[in-house]
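Any read-out appearing in this document is the output of simple, stated calculations on the displayed coordinates, not a laboratory observation. Every value quoted in this text rests on a predicted model; they were computed, and no experiment measured them. Cβ placement follows ideal geometry from the backbone for every residue including glycine, while neighbour counts extend to all protein chains displayed.
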Amino acid sequence: MRGTANGERIIRGPQMKKNNSLAIVSLLTGALVWGLIWFPYRALDAAGVGGALSSFLTYFLALLPGLALLRGRMTRIARSGWLLTGIALAAGWCNLAYVLGTIHGEVMQVMLLFYLAPLWTVVFARVLLGERPGATGYLVIALSLGGAAIMLSRTGLPLPMPRSGAEWLGLTAGMAFALSNVLSRRAMRVDVVVRSLSVWAGVSLVALPVMLLTEDPARSLRALDAYAWLLVVLLAMVIFSVNLVVQYGLANTGSNQAIVIFLSELVFAAVGSYFLAYEAMTARQWLGGAMVVAAMLYSGRLQQAGEKSAYA
């Protein structure tokens, strides 16, 4: 589940060291899931279940057991209503756009455009939190823009721009991911369970109108066979479970370490897209992707500084 990357890292000292190995495995599990989750969604799309409908079904089913966790938290929800609404809508579009982009476009191109998120994080943090980027922030901006320009440059086009709907979806998914994380930093006093539920609800709410406008959900639901329903239920269970697993990992690792581990998602996606979808990266994607990865690594310093100020 994307949209709650700024987990509450509240365990410190010897206990963090003791739990570090399990935390690393937890984060690697999350990276593996998000590096390969496009494949079952593509399988559902091939079976006649569009990306918006499959996203709505899987996240709505994941939301149902999560509602049981709301007991005793309604006061906190009421106090942070506008923040949670913003997180829900931003994370909702982030997850939906990511699924739609990887269904209809090249997995690695969409994912690398998504990973421009540190660039948008610097922008949103400046506008919404008043944080000045500093030298590291400007380096993140330069690396991100340079990587994007290399990946998006096309012969005959004056500016490096996305050329397909899938690329635009990947780009805007990264923007939404950055916005949801900045808003999550504002909502640090709201517990992770509530923020997670807002993401599941957000995906369901955002996917619903998109599904009604672009797909024929009634026909798709009638065409769902037992295998497709089983895949939907399994995906919902994975989405629900991986959030708990990743939140545990985030609570027991430092910011920089978590970011490095999460970058393994690109490795899983590259290997998966090569063997499962027969998609190979070009030299331009390798070069631009390397710059994007470098920007992601430097962004760890910015995130760590943001967390210090949030807990001050």
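Pulled fully out, how much extra length does the chain show between residue 22 and residue 85, if you take 0.36 nm times their separation in residues and subtract their Cα-Cα distance? Mind showing how you got there, number by number?
Values: separation 63, 0.36 × 63 = 22.68 nm, distance 3.25 nm.
Stretched fully, the residue 22-residue 85 segment lengthens by 19.4 nm.
Here the extension length gained between residue 263 and residue 104 equals 55.0 nm, from 0.36 nm per residue of separation less the Cα-Cα distance.
Can you tell me the dipole magnitude for region 155-244 around its Cα centre, using point charges on the Cβ only (Lys, Arg +1; Asp, Glu -1), in Debye to the nearest 20?
Working: 7 positive and 5 negative charges, 69 e Å.
Result for region 155-244 is approximately 340 debye, rounded to the nearest 20.
Would you kindly state how much longer the chain becomes between residue 233 and residue 284 on full extension, computed as 0.36 nm times their sequence separation minus their alpha carbon distance, in nm to one decimal? Mind showing how you got there, number by number?
Numbers: separation 51, 0.36 × 51 = 18.36 nm, distance 3.81 nm.
Stretched fully, the residue 233-residue 284 segment lengthens by 14.5 nm.
For residue 153, the amide hydrogen comes within under 5 Å of no other amide hydrogen, counting only partners 5 or more places away or on other chains and with H modelled in the peptide plane. If you find the alpha carbon centre of region 219-283 and of region 83-142, how far apart are they in angstrom? Value for the Cα centre distance between the two parts: 18 Å. The alpha carbon gyration tensor of region 99-200 gives principal lengths a ≥ b ≥ c with a/c of 1.5 or higher and a/b no greater than b/c, which makes the shape oblate.
With a Förster radius of 30 Å, plug the Cβ-Cβ distance of residue 186 and residue 161 into 1/(1 + (r/R0)^6) and report the FRET value to the nearest 0.05. Once rounded, the FRET efficiency stands at 0.45.
Here the Karplus curve 6.51 cos²θ - 1.76 cosθ + 1.60, taken at θ = phi - 60°, turns the phi angles of region 280-285 into couplings of 10, 6, 8, 4, 5, 5 Hz, with x standing for Gly and Pro. With the convex hull drawn around the C-alpha atoms of region 155-290, the volume per residue stands at 191 Å³. Between residue 244 and residue 29, the simple label model (points 7 Å from Cα in the Cβ direction) yields a spacing of 1.0 nm.
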